[in-house]
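A short write-up of the structure that comes next.
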Amino acid sequence: MAIIPFDDRDGFIWVNGAMVEWRKAQTHILTHGLHYGSSVFEGERCYAGKIFKSHEHNVRFHQSAEILGFTIPYALEELEQAKYDVLKANNITEGYLRPVAFRGSEMMAISAQHNKIHVAIAAWEWPSMYSLEAKMKGIRLGLAPYNRPSPETAPVASKAAGLYMICTISKHAVEREGFDDALMLDYRGYLAEATGANLFLVIDGEIHTPLPDAFLNGITRQTIIALAKARGLVVHERHIKPEELARVQEVFLTGTAAEITPVSEIAGQKFTPAAITKSLIEDYTAATRAHVKQSAA
Ligand code: PMP
């Protein structure tokens with residue numbers, strides 16, 4: 001399939017309060033967010049016309065900016081309206097939304113006290129691509145060359161663009177070795193997460209997931225923990241050492257884009273995605289489409 005560049009598509013992008021023709025949604029080269037990483041973003045999915053956990057994403061978007069020291073100049077309700085306006089303008093019911101907020105061009109130095117805060121929201125179609133059977137084969141993770149930094153070193157709770165620098169380097173490094181994604185440890189050597197998704201392990205029928213004290217506490221992660229508990233599964237949030245992978249039966253990743261992605265290998269160690277992963281995929285699919293069932297009832 002030919003790749004359609006993201007700057008050369010039909011449609012509309014919401015930029016600073018106005019709907020702008022897709023190809024004209026541009027920013028100047030001398031933009032603080034581009035030079036100094038003063039940018040935060042969200043990744044959201046819309047299922048059958050409804051944005052899943054939309055409010056939670058709006059709140060995190062605001063918090064990510066506050067952590068970097070700036071305020072998004074649109075209230076939560078305004079963001080909510082803008083997201084649905086974008087979906088409507090592009091006629092999307094199964095898709096991905098990408099809000100982004102960044103410092104503009106008024107000052108071009110480390111200090112940027114007076115820079116305007118720009119906010120944009122794009123959306124594109126993104127139906128689920130793989131059948132459950134194909135998904136259950138699992139992806140292969142290599143070990144990332146970078147660790148997640150300590151909260152004293154980086155604003156780890158913000159979905160800040162700058163934190164993804166080490167993710168892209170790590171993902172490229174393992175892709176060169178034939179892996180699908182990279183597993184990152186944290187600054188202490190504990191298991192952390194993949195480059196854009198959280199990590200879950202199944203050990204003897206119970207769920208174990210790393211404590212999110214050095215990386216994003218994903219909205220999907222929180223949803224999966226709730227779904228697992230609702231199923232009566234025991235969930236442990238704790239520091240997990242890489243050596244513990246030896247006693248793990250199932251591994252999966254969670255994230256808005258990844259949804260639940262089963263993992264079949266971590267750097268040579270093999271796992272077989274099985275019943276618990278499968279049942280949580282079913283629960284997650286049902287949760288994202290709960291409004292469809294309700295309206296049909
Ligand atoms: N960690 C990282 C680094 C991510 O980019 C994402 C995706 N936003 C996640 C975890 C999962 O977060 P969520 O479930 O909120 O999408």
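Readers should treat all values here as calculations from the given coordinates under stated rules, not as data from a laboratory. No experiment lies behind these values; they were computed from the predicted model shown. Methodologically, a virtual Cβ is constructed for each residue, glycine included, from the backbone with ideal geometry; neighbour enumeration extends over all protein chains shown.
Which pairs in the list Lys171/Lys278; Lys135/Lys270; Lys53/Lys171; Lys241/Lys278; Lys137/Lys159; Lys159/Lys270 are over 21 Å apart, alpha-carbon to alpha-carbon? With Cα atoms farther than 21 Å apart: Lys171/Lys278; Lys53/Lys171; Lys241/Lys278; Lys137/Lys159; Lys159/Lys270. Dividing the summed -39500 (n - 2.57) terms of all DSSP H runs of n ≥ 4 by the residue count of the chain sets its mean residue ellipticity at 222 nm at -8000 deg cm²/dmol. Taking amide H atoms as placed 1.01 Å from N in the peptide plane, the amide H of Tyr146 has no partner under 5 Å among residues 5 or more positions away or on other chains. As I understand it, the value is the acute angle between the Cα axis of helix 275-288 and the longest principal axis of the Cα atoms of the chain; what does it come to in degrees, rounded to 10? For 275-288 against the chain, the angle is about 30 degrees.
In degrees, nearest 10, range 0 to 90: what is the angle between the Cα axis of helix 76-89 and the longest Cα principal axis of the chain? Helix 76-89 sits roughly 90 degrees off the main axis of the chain.
In percent, rounded to a whole number, the relative contact order of the stretch 132-288 is 27, using alpha-carbon pairs under 8 Å and six or more apart.
Compute the convex hull volume of the Cα atoms of the stretch 12-125, divide it by the residue count, and report the result per residue in Å³ as a whole number.
89
Near Phe179: Cβ cut-off under 12 Å, other residues only, Lys/Arg at +1 and Asp/Glu at -1. The net charge is -2. The angle separating the long axis of helix 219-230 from the principal Cα axis of greatest extent in the chain is about 40 degrees. Per-residue Karplus couplings for the stretch 158-167, computed as 6.51 cos²θ - 1.76 cosθ + 1.60 with θ equal to phi - 60°, are listed in order as 8, 8, 9, 3, x, 6, 8, 4, 6, 6 Hz, Gly and Pro entered as x.
Within the P(r) computed for the stretch 129-283, what percentage of the Cα pairs occupies the region above 27 Å? Don't jump to the answer; show the numbers that get you there.
Details: 1863 of 11935 pairs.
Cα-Cα pairs of the stretch 129-283 separated by over 27 Å account for 16 percent.
Counting every other Cβ atom within 10 Å of each residue's Cβ, Asp8, Asp186 order from fewest to most as Asp8, Asp186. Determine the distance separating the Cα centre of the stretch 113-135 from the Cα centre of the stretch 200-253; give it in Å without decimals. Rounded to whole Å, the Cα centres lie 25 Å apart. What longest range of the chain stays clear of loop-exposed chymotrypsin sites (Phe, Trp or Tyr not before Pro) (DSSP non-H/G/I/E/B, at most 14 other C-beta within 10 angstrom)? Longest run free of exposed loop sites: 131-297.
Which is the longest part of the chain that has none of the GluC sites (Glu not before Pro) sitting in a DSSP loop with at most 12 other Cβ atoms within 10 Å?
178-297
With neighbour counts taken as other beta-carbon atoms within 10 Å, the residues Leu79, Leu34 rank, fewest first, as Leu34, Leu79. For the stretch 100-171, what relative contact order do you get, as a whole percent, if you take Cα pairs closer than 8 Å and at least 6 residues apart? Answer for the stretch 100-171 is 20 percent. Measuring nothing but how far apart in sequence close Cα pairs (under 8 Å, 6+ apart) lie, relative to its length, the stretch 12-125 scores a relative contact order of 36 percent. Counting neighbouring beta carbons within 10 Å and listing from fewest to most, the residues Asp181, Asp283 come out as Asp283, Asp181.
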